[in-house]
Structure formats: C-alpha cells, structure tokens
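First up is the structure itself, then whatever we jot down about it.
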Amino acid sequence: MINKAFYDLVRTAPKGRWSGIQRNYGPEEVQRLRSGLQIEYTLAKLSRKKHKKDDIYLGWQIAADGNSAGSMYPDQSLYPSNSGPEMARRINKTLERASQIEQSEGGTKRDWFVPIVADAEAGFGGPLNCFEIMKAYIEAGVAGVHFEDQLASEKKCGHMGGKVLIPSSAHLRNLNAARLAADICGVPTVIVSRTDAESATLLTSDFDERDREFIDIPAGRTPEGFFRLKKGSGLKHCIKRSIGAAPFTDLLWWETSTPNLEHAKEFAEAVELGAMGYKFQFITLAGFHTLNFGMFELARNYKDRGMTAYSEIQQAEFEAEEHGYTAVRHQREVGTGYFDMVTMAVTETFNIMDLRDETFYDCVRQFAGKQSLDCYLESDEISDLKKNTCVTLSNGYIYRLSVIESSIKNVIKLFLKQARKTY
C-alpha cells in the first residue's frame, strides 16, 4: 500500500519501479514537504528511458577543471557543491541547442536529450546536504545521481589512499535523504550507492554494529579519533555494505583499486546480482585525457611543423564527417544559422547580403535539394552567389527565406562548377 502511494506521488514512475525499494519515511511526509505548485522536471524524468550506451556520465572532471570556482582541484570535494549541477545544466543547454539547430535545418532526426548520471561525491556533508544537492541535480535535468560512503570532509578519489568511511547507517540516511528529494520533486531519479570500503583504511565511528567486525581494535585509533580497519577485509566489507544499501538504492557501485575479475565475480555472487550483474562501465577519465592529450599533441606538432599540424587536424575532421561529425563548420555548430532564422522571423525586410556565409550556404544546400555537397564554397564564391541572387531579385531584399528559393536554384549551377573541394 505504501509503494502504491508513491506511484501516485511520482506519476511518471513506470510499473515495477518501486519493487523492492524501501524508504524510512512515508508518503505523508513527501506531501507535507512539497510546495503548493508541483514543478515538472522534464529532463530529470529521462531516467525512464532505456538507453544502453547513450547515457552521459558527469564525474570527477568537475573538480579538475569544470567547477564554478574557476579553479583546478584534485578529486577531494574541494570545489563548490553547486558545480556539478551547473555543469549538468550547461550540458543540457548544449543538447538543447543541437536539437534546435537540427530542427531548424529540416527536422530533428535523433533524440538529443539523453540521461545524465552525475557524481554527488559524498554529498558534501550530511543528509541535508545530500537532500539539497539531489534537488539541485534534478532541477539541472539529471536522471541519476551517485553517493559514496566516505566522510565528505576527508573525501578522496577512488584511487587515492587514506579514505575514511562513515558508518553504514549514516550512508543509508544520506541515500534516504536523496530519495526524499526526488519524491518531493515528483521524479523517479535513479540513485546509485557507491562504497569505497575495498580500499578504505579508516572509519569515523564504531557506532554501527554492522561495521564492528572490520575494525582493527589492537591497532588503536588515529590522532583524529578515527578507527583503523582490518587489512585485507575490504572486499567482504564492500559486500556487506552493498547488501545493506540495496533496499534503499537502485544501483550498486563498489569502487576498486585494481581491475580484479575474481573479486568482481565474488562480489556479484555475494549480492546475488546474477550474470555478474554489471550494467555500467564508466570511463570517468575520458574527457580529461582526450582534451589534454589533444591540445598537447597540437602544441607539440605545431612547434615542429607549424600550420601543417593544424591542417592535419582539419583533414581528420573532414574525414570524420561521413561518420556524423559536424563541428567542421564551427559557427553552424554553435547556432549561427539558428539565430539568423530568429532575426529573419522578427524582421520585416531582410537583405540577403546580411546572411552569414554559413547560413547562406546551408540555404543553398537545402534549396538545391541536396542533403550534402561534395564540395565547399569559398567565402568569395558565396559572396558572389549572394550578389547574383540579389540581382535576380529585383530589389535585393527578401521577406521570407522561401522567396529566394527559385532565384538560388537559377544561379547555383553557375557557382557549383567552380566550387573547390577543401582538403
């Protein structure tokens, strides 16, 4: 009966969404904590989609070079907590622009808005912090968020030493706070519980009896008062924490220090995932390394070979177009043509010469009935084409783009003959 009430509260949740999910609060608390106006978070509801490889993962690169402080940090939760949601908002704005551009060029051919799975670190604090960052991610259009069981103030990257865990009960409280935020917002946001117990060496408290078997009593406590964990108990600790978190989360993530398939199999069998049960393989470092290595190679090669190095990158871009790469025309990529259309829509008369070259060229391709041309017009040839079109039109002005269609068709053949391939 309680789960049925949550289906009423989160109406976009598909059938079976709450199967096996537990909450430490009831529907009456959700209703009481909502505002008088229920806001629709359309993008956050993308968690309903069954994308296999189309999800976007938003992770540690926020700390490195994408945070709202405008600084560079290691993966230790040193950056402002609103950085992740702000980056998610930017990503969704970029996808929105891509969709608008494609729609303006003849209709969208793909679903640009894919689910984003985002990193909430250790919540940047306690349950109230987890509640607030979950809401911020939902408002930014994120479909899934993961929370780890480290102490936020001592948080370390998964591959760094000296990690400090919070008690199992404290982590479950954080997960419940995140779920409460999603329920209040009315979205079935996917919650991922991550444990760092495999390589953690310290624990803040022995309060939770579920953690006590892993505490190394003879080793004593650290000067900060942390309890030391037994060496070699990390995998077993991960399994126990994951089983305990399973009813309060949608996905389980155990952070490993080494890629060990035997341990992965043991973990999967212990928590009864079946067929290994692994659904995602995050490449959390891809963006950072691709950007850095790409610019390093350009700078290194430019030093030795000058503009030839850059032209080689352009050549690679041209060759990638047949596979769907579109950023060769960089101004088109960011919406020049789209905003030209906005200008024309609100302008009573419009001079064709005011059209940006890329916009005009797109019009040429469209009106010539060609999806793509096997050549690129040079800027002076586009200018000549504009002038001839204006001459064909008695006064050189247009009221709507469609007016120039027949004129362009009449003169386009004269210039395509002289258009050169760009290599």
Looking at the range 143-165, I want the residues that are assigned to a helix (DSSP H, G or I) and of a type in the set (A, V, I, L, M) and have a partner that is open to solvent by 10 Å² or more (accessible area, probe 1.4 Å) and at pLDDT 85 or above with Cβ atoms under 9 Å, at least 6 apart or on another chain. Which pairs are those? Ala152/Ser77; Ala152/Phe124; Ala152/Gly125; Ala152/Gly126; Ala152/Asn129; Ala152/Ile166
Given the structure, is Phe248 surrounded by 19 or more Cβ atoms within 10 Å (Cβ to Cβ) and under 30 Å from Ser19 (Cα atoms)? yes
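Is at least one residue of the range 237-251 over 20 Å from Arg173 (Cβ atoms) and polar (S, T, N, Q)?
No, the range 237-251 contains no residue that is over 20 Å from Arg173 (Cβ atoms) and polar (S, T, N, Q).
Here is a yes/no grid of residues against (1) modelled with pLDDT of 95 or more; (2) farther than 22 Å from Ile133 by Cα; (3) aliphatic (A, V, I, L, M):
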residue: Leu172; (1), (2), (3): yes, no, yes
residue: Thr195; (1), (2), (3): yes, no, no
residue: Leu203; (1), (2), (3): yes, yes, yes
residue: Asp211; (1), (2), (3): yes, yes, no
residue: Thr249; (1), (2), (3): yes, no, no
residue: Lys265; (1), (2), (3): no, yes, no
residue: Ala268; (1), (2), (3): no, yes, yes
residue: Glu272; (1), (2), (3): no, yes, no
Filter the range 314-325 for residues that are open to solvent by 70 Å² or more (accessible area, probe 1.4 Å) and within 18 Å of Leu291 (Cα to Cα) and give the result. Tyr325
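Would you check which residues across the range 313-347 are assigned to a loop (DSSP other than H, G, I, E, B), on the phi < 0 side of the Ramachandran plot and not polar (S, T, N, Q) and list them? Explain how you work it out, then say what you get.
We begin by selecting, within the range 313-347, every residue assigned to a loop (DSSP other than H, G, I, E, B); these are 324-329, 334-335, 347.
Next cut, on the phi < 0 side of the Ramachandran plot only: 325-329, 334, 347.
If the condition is that a residue be assigned to a loop (DSSP other than H, G, I, E, B), on the phi < 0 side of the Ramachandran plot and not polar (S, T, N, Q), then Tyr325, Ala327, Val328, Arg329, Val334 are the ones that fit.
The values are calculated or read from the model by the stated rules, or taken from the named source; none is laboratory data. Just so it is clear, the model here is predicted, and its values are computed rather than measured. Because the Cβ atoms are built from the backbone with ideal geometry, glycine has one as well, and the counts that use them run over all protein chains shown. For the accessible areas, the whole protein counts, side chains as well, though only heavy atoms, and no ligand, DNA or RNA atoms are used. Shrake-Rupley method; radii C 1.70, N 1.55, O 1.52, S 1.80 Å.
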